[in-house]
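The values are calculated or read from the model by the stated rules, or taken from the named source; none is laboratory data. Predicted model only: the values in this text are computed from it and were never measured. Glycine also receives a Cβ, built like all others from the backbone with ideal geometry; neighbour counts cover every protein chain displayed.
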């Protein structure tokens, strides 16, 4: 029975990887957000388009999978008793605990042109540089201080470390380690690029969202009783400074605007927040 389960998991994983890896043709019946998400490995049917974009995640299921708003609240109490380093590690561990379902977790997706790197390792370093620069420029544009932590040992994903940044801002009540940015880049895969990816080349070093654990993500997290940081604005600023071949997907309740979580999924491309809205209603 154990061998059968192992074989089933291997076959299922391979099939799902193939779904995400094979370049898809653009579906005119779906939104651009859904086309890009599907191409990037967010393939499961819990994510879909809806007439106004606010009902694009299967109702009720998300509550049992992931509620980042609740997760953020749940670690407020222990954070009050931890040192700065312990706080960052607590957050890093918490961010790692995400569902296997691609549509239920934040994901960073990219198709880096093949001409920009000599191999997969070089592509990984290029991705890191691109994300670091985008975070730095976004912080400058929002007049906040973001500092990359280089002396904190973090968990590894696909043999690459989770990167942590400390954010301080009196205006948004960020200080004493309660605001962090976390991201990671999985080992890129040399593959083909969908024709509708902006700034594409035919071949690319792809980071996709389909693997249960080894996927890329970028997350801003603020602990405390109130969500005063404009997370949506920050994600837009980061996306605007990234190359056009990188997009960011966020499920419901993971993007905060005006102190409240968006209850529907969104995707960021070139600084624009895209909704999963049926084309004939756009």
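Of the residues screened, residue 54 is not one that is at negative phi and either crowded, with 16+ Cβ neighbours inside 10 Å or modelled with pLDDT under 65 (or both). Out of contact with any strand residue (DSSP E or B) (no Cβ under 6 Å at 6 or more places or on another chain), modelled with pLDDT of 95 or more and not in a helix (DSSP H, G or I) - does that describe any residue in the range 77-96? Among the residues of the range 77-96, not one is out of contact with any strand residue (DSSP E or B) (no Cβ under 6 Å at 6 or more places or on another chain), modelled with pLDDT of 95 or more and not in a helix (DSSP H, G or I), which makes the answer no. None of 252, 261, 243 is under 17 Å from residue 136 (Cα atoms) and in contact with a helix residue (DSSP H, G or I) (Cβ under 7 Å, 6 or more places away or on another chain) except 243. In the condition set (1) exposed (fewer than 15 other Cβ atoms within 10 Å of the Cβ); (2) under 20 Å from the mean Cα position of the chain (by Cα), residue 150 is compliant with all but (2). Scan the range 240-255 for residues that are in contact (Cβ under 8 Å) with a residue 40 or more places away in the chain and either in contact with a strand residue (DSSP E or B) (Cβ under 7 Å, 6 or more places away or on another chain) or farther than 21 Å from residue 196 by Cα (or both) and the total you get is 10. Within the range 169-200, the set of residues being surrounded by fewer than 16 Cβ atoms within 10 Å (Cβ to Cβ) and touching a helix residue (DSSP H, G or I) at 6+ places or on another chain (Cβ under 8 Å) comprises 176, 189, 190, 196.
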